[in-house]
2 protein chains.
Amino acid sequence: MSRAAGETGVQSALSTLRILEEVARRQPVGVSELARVAEMPKSSVQRYLATLQQAGWLRIVDPERARWGLTAKPIGIGLRAAGEGGLREAALPAMRALSRETDETVHLAMRDENSLVIVARRDGTQTVRTYVELGTVAPIHGTASGLSILAKLPDAEVEAVIAAGLASHTDSTIVDADALRAEVAATRDRGYAVNAASWWRPHVAAIGAAITDSIGRPLAAFALSIPTVRFDSADAPRLGALAVAAADQVSDLLD
Amino acid sequence: MSRAAGETGVQSALSTLRILEEVARRQPVGVSELARVAEMPKSSVQRYLATLQQAGWLRIVDPERARWGLTAKPIGIGLRAAGEGGLREAALPAMRALSRETDETVHLAMRDENSLVIVARRDGTQTVRTYVELGTVAPIHGTASGLSILAKLPDAEVEAVIAAGLASHTDSTIVDADALRAEVAATRDRGYAVNAASWWRPHVAAIGAAITDSIGRPLAAFALSIPTVRFDSADAPRLGALAVAAADQVSDLLD
DNA sequence: ATACGTCGTTCCAACCGTCGGAACGACAGG
DNA sequence: CCTGTCGTTCCGACGGTTGGAACGACGTAT
């Protein structure tokens with residue numbers, strides 16, 4: 001079982017965790033489908049499922065069809081990952097208000113090193129909306145949320161993100177270091193980030209505003225996520241000001 | 001490596017998951033402490049940590065001291081376990097209101113088969129309060145929340161819980177099948193559950209009210225969690241009515 | 001200053017747990 | 001009736017995993 005260099009992990013545990021993630025994403029799901037998407041032998045998947053059941057993470061949610069799903073155990077783990085402090089909960093009211101003021105979809109993304117995790121969503125009433133599954137990991141250099149966070153980080157950390165590599169997601173993703181530095185500078189000037197060019201997902205534009213802790217370090221960000229067909233650059237200043245106000249309001253709640 | 005009969009899981013994966021849980025509970029934490037609490041060789045723990053890092057679940061949060069903690073990945077998994085429907089979020093406002101009305105700690109517990117998981121808390125202003133860590137698993141037959149849920153289940157499912165075994169947690173836990181059936185009946189009469197005898201945790205009394213979906217199946221419950229030193233049975237009807245009202249309000253939100 | 005305990009980290013050979021192909025009965029659809 | 005797919009079970013060979021031992025660094029008590 002040869003893999004890329006530098007990997008020393010326990011193979012069977014990695015495979016088991018992989019199955020756990022796939023079940024989380026596709027539940028309720030059966031053995032064969034899992035084996036197909038994970039490209040593993042069916043009998044191995046079966047064994048991993050039994051292991052995860054024994055550990056209390058999974059259970060058969062539909063006994064008749066042998067479909068697997070998550071137990072409640074991951075809820076507890078997830079809560080601990082989010083921190084009991086409850087940034088998420090603190091942000092929900094402001095998120096709702098922002099969504100109402102703008103009638104657009106608002107996402108809350110939490111920073112995790114050099115990436116973001118979408119942890120909450122509030123929809124507007126538009127007939128055409130953007131959609132991202134909660135829990136999705138987003139690139140920090142390829143989203144308005146991420147740019148708004150980068151703009152509040154010291155240059156050294158921005159450079160660290162650049163050094164880690166700027167992966168491309170669409171043909172307009174910012175992959176050039178200087179271009180990213182320029183975008184960070186522009187975001188610092190504006191106070192909010194604008195992604196009008198579908199950096200990450202096709203046909204999705206966004207406006208981002210960062211949420212900071214008491215000493216000004218960015219922890220998360222709001223994003224107004226707007227289909228490009230409806231996005232008008234002329235609206236950006238108004239939407240940006242609303243997003244910044246909402247983010248600042250949450251920042252103030254965090255002591 | 002001999003274990004109890006009937007277990008067929010992948011050992012290394014079980015050990016790895018065990019370490020994941022311990023890290024979640026104790027983060028930030030080092031190798032030696034983990035090896036001690038999990039009773040595993042230090043070198044094995046080290047390997048499991050590397051594996052979990054490779055899988056994206058853990059990272060070193062304090063590089064100077066080599067302390068490990070969770071990444072944001074579990075947030076996404078946890079959200080999927082809770083269901084995007086967002087029972088938790090739907091319940092938060094009512095929980096806050098209930099806490100204010102009663103000035104007591106309110107817990108939200110979600111059902112997971114024959115157990116409960118505490119997924120949210122709202123404190124009152126009392127100087128003496130109960131405390132349960134979020135993510136804690138509680139017995140369905142040993143809590144007011146659990147009893148309120150059992151009371152809304154058909155008898156067949158109550159019997160299934162009894163058949164699964166009534167583990168004892170304090171010397172007043174209900175472990176007798178008939179006693180539990182009687183308590184379920186009493187709860188059905190009242191509409192809310194009363195645990196005045198510290199069934200689960202010492203010195204903690206509680207009043208529980210179930211939250212149901214559109215067809216009346218109980219999904220979760222509110223509990224007013226009160227130190228026994230302050231608990232007065234005469235207050236139970238008033239508190240019970242408030243808890244039921246709050247739970248019903250959330251139930252109605254769930255279509 | 002010295003000795004001691006604990007920390008995180010690395011290495012490696014023997015062992016035994018894991019792997020996955022193969023085969024099974026059940027089921028649904030053509 | 002046949003075919004494809006489902007979930008499940010079995011077992012021998014293989015190699016991934018195990019964990020004791022040893023390392024240097026650090027902090028503390030002697």
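Per-structure values
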read-out: Residues (away from DNA strand D (no atom under 11 Å from the Cβ) and of a type in the set (G, A, S)) located in segment B:15-56; value: B:A24, B:G30, B:A55, B:G56
read-out: Meets criteria (without any contact (Cβ under 8 Å) to a residue 12 or more places away in the chain, under 20 Å from the mean Cα position of the chain (by Cα), over 27 Å from B:A241 (Cα atoms) and within 11 Å of chain A (Cβ to nearest Cβ)) for B:R26; value: yes
read-out: Helices (runs of 4 or more DSSP H) (entirely within segment A:145-255) containing at least 1 residues that are under 18 Å from A:L98 (Cα atoms), of a type outside the set (D, E) and in contact (Cβ under 8 Å) with a residue 24 or more places away in the chain; value: A:236-253
read-out: Members of segment A:145-158 found to be more than 12 Å from the chain's Cα centre (by Cα) and closer than 14 Å to A:I174 by Cα, listed by number; value: A:L147, A:L150, A:V158
read-out: Scope segment A:182-216; condition among the charged types (D, E, K, R) and more than 25 Å from A:V229 (Cα to Cα); matching residues; value: A:R188, A:D189, A:D213
read-out: Check on A:E64, acidic (D, E), within 13 Å of DNA strand D (Cβ to nearest atom) and more than 7 Å from chain B (Cβ to nearest Cβ); value: yes
read-out: The lone exception for A:A182 - which of (1) more than 28 Å from B:I75 (Cβ to Cβ); (2) modelled with pLDDT under 95 it fails; value: (2)
read-out: Segment A:40-56: number of residues that are among the hydrophobic types (A, V, I, L, M, F, W, C) and either in contact with a strand residue (DSSP E or B) (Cβ under 7 Å, 6 or more places away or on another chain) or loosely packed, with under 15 Cβ neighbours inside 10 Å (or both); value: 2
read-out: Every pair of residues 6+ apart whose Cβ atoms lie under 8 Å, when the first sits in segment B:36-52 and is within 13 Å of chain A (Cβ to nearest Cβ) while the second is within 9 Å of DNA strand C (Cβ to nearest atom) and among the aromatic types (F, W, Y); value: B:L49/B:W68
read-out: Test: A:D103 is among the acidic types (D, E) and more than 10 Å from chain B (Cβ to nearest Cβ); value: yes
read-out: Residue count, segment B:155-187 (criterion: closer than 20 Å to B:D235 by Cα, surrounded by 14 or more Cβ atoms within 10 Å (Cβ to Cβ) and not hydroxyl-bearing (S, T, Y)); value: 1
read-out: Any chance A:G86 is touching a Gly at 6+ places or on another chain (Cβ under 7 Å) and at the interface with chain B (Cβ under 10 Å from one of its Cβ atoms); value: no
read-out: All positions within segment B:110-150 that are surrounded by fewer than 24 Cβ atoms within 10 Å (Cβ to Cβ), aliphatic (A, V, I, L, M) and away from chain A (no Cβ under 14 Å); value: B:V128
read-out: Condition check for A:R80: among the basic types (K, R) and more than 7 Å from chain B (Cβ to nearest Cβ); value: no
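The values are calculated or read from the model by the stated rules, or taken from the named source; none is laboratory data. Being a predicted model, the structure only gives us computed values, none of them experimental. For neighbour counting, all protein chains shown are included, and Cβ atoms are generated from backbone atoms with ideal geometry for every residue, glycine included.
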